[in-house]
Amino acid sequence: MNIALLGYGKMGQIIERISIERGHTIAYIKKSNEIIGDLSKADVAIDFSVPSVAVENVKLALDFGVPVVCGTTGWLEYYDEVVKYCKEKNGAFLYGSNFSLGVNVFFELNKYLAKMMSSLNEYKVSIQEIHHTQKLDAPSGTAITLAEGIIENTNYDSWILEKTTTNPKSIVIDAVREDKVPGTHSIYYDSEIDQIEIKHTAHSREGFALGAVVAAEWIKGKQGVFSMKDVLNL
């Protein structure tokens, strides 16, 4: 399979290595100031760029009829626009706030726990995410996905970054930035007498990159708008 890399930072380089290890070829690379190869030769594009160019990158791939997997976060105010564009082009698009296979299982565990806790008003839920200091957006896309999973299954109606409101139906997300942390996400249910916690800790970026390549392998030849739930049949 010929893969286009839209973005060539640390993640792009790891994706390149894993792709080659799995027998694929890198047909196109779009760096911040350089373009290598021919996008029209790609079977699938993988975008791990920055929020300011993610929409442009996805639309570019769709213009060339290339299915695109996007792992860039921080641009979701334009998500509906991109979905509409994909459908107009009869293309294929898959967005994931986190491509780690383990995190996607964690997403489903989070929803299941939220359903169990929905009637226990003694507990107040909160989220903490810890990432490396180079991460541009806060909270992380993964933390937002976790919050949305709780909102779907409880009486909470919103999330906020840090405690800036007294609304009891808002989920507080604490975004911490520390050096060399690939990504840690914790969900807490606190009452006066105890605490329930579920947690996912990434040990490296390898899991994110592998999941993105697996998603690229899966989406080749398809049309529509997908997520990692489709890839993993969750």
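The values are calculated or read from the model by the stated rules, or taken from the named source; none is laboratory data. This one's a predicted model, so the numbers in the text were calculated from it and none came from an experiment. Every residue, glycine among them, receives a Cβ derived from its backbone with ideal geometry; neighbour counts consider all protein chains shown. To get the accessible areas, we keep the full protein, side chains included, count just its heavy atoms, and leave off ligands, DNA and RNA. Shrake-Rupley method; radii C 1.70, N 1.55, O 1.52, S 1.80 Å.
How many Å² of accessible area per residue for the chain, probe 1.4 Å?
On the way: 11460 Å² over 234 residues.
Computed with neighbouring chains in place, this is 49 Å² per residue.
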As I understand it, the value is the acute angle between the Cα axis of helix 51-63 and the longest principal axis of the Cα atoms of the chain; what does it come to in degrees, rounded to 10?
50
Between their Cα atoms, which of Lys30/Lys59; Lys115/Lys199; Lys59/Lys84; Lys31/Lys222 are more than 19 Å away from each other?
Lys31/Lys222
Would you be so kind as to identify which of Val172, Gly149, Trp218 lies farthest towards the positive end of the dipole of segment 138-232, taking Lys and Arg as +1 and Asp and Glu as -1 on Cβ and the Cα centre as origin?
Trp218
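When Lys and Arg each count +1 and Asp and Glu each count -1, what net charge do the other residues less than 12 Å away from Lys30, Cβ to Cβ, add up to?
On the way: positive: Lys31; negative: Glu34, Asp38, Asp47, Glu56.
Around Lys30, the charge tally is -3.
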Any idea how far apart Val83 and Lys229 come out in nm if each label point goes 7 Å out from Cα toward Cβ?
1.1
Rounded tilt (10° steps) of 79-88 against the dominant C-alpha axis of the chain
40
Compactness check, the chain: C-alpha Rg relative to the 2.2 N^0.38 Å globular estimate gives 1.05
Hey, can you rank 190-203, 32-45 by average C-beta count inside 10 Å, highest first?
32-45, 190-203
Contact order normalised by length for segment 50-206, with contacts defined as Cα pairs under 8 Å and 6 or more residues apart; what percent is it?
21
What angle do you read, to the nearest 10 degrees and between 0 and 90, between the alpha-carbon axis of helix 101-117 and the longest principal axis of the chain?
30
Going Cα to Cα from Lys87, which aspartates and glutamates come in below 13 Å? Please leave out same-chain ones fewer than 8 positions away.
Asp63
What are the principal axis extents of the Cα atoms in segment 6-122, in Å, biggest first?
57, 34, 24
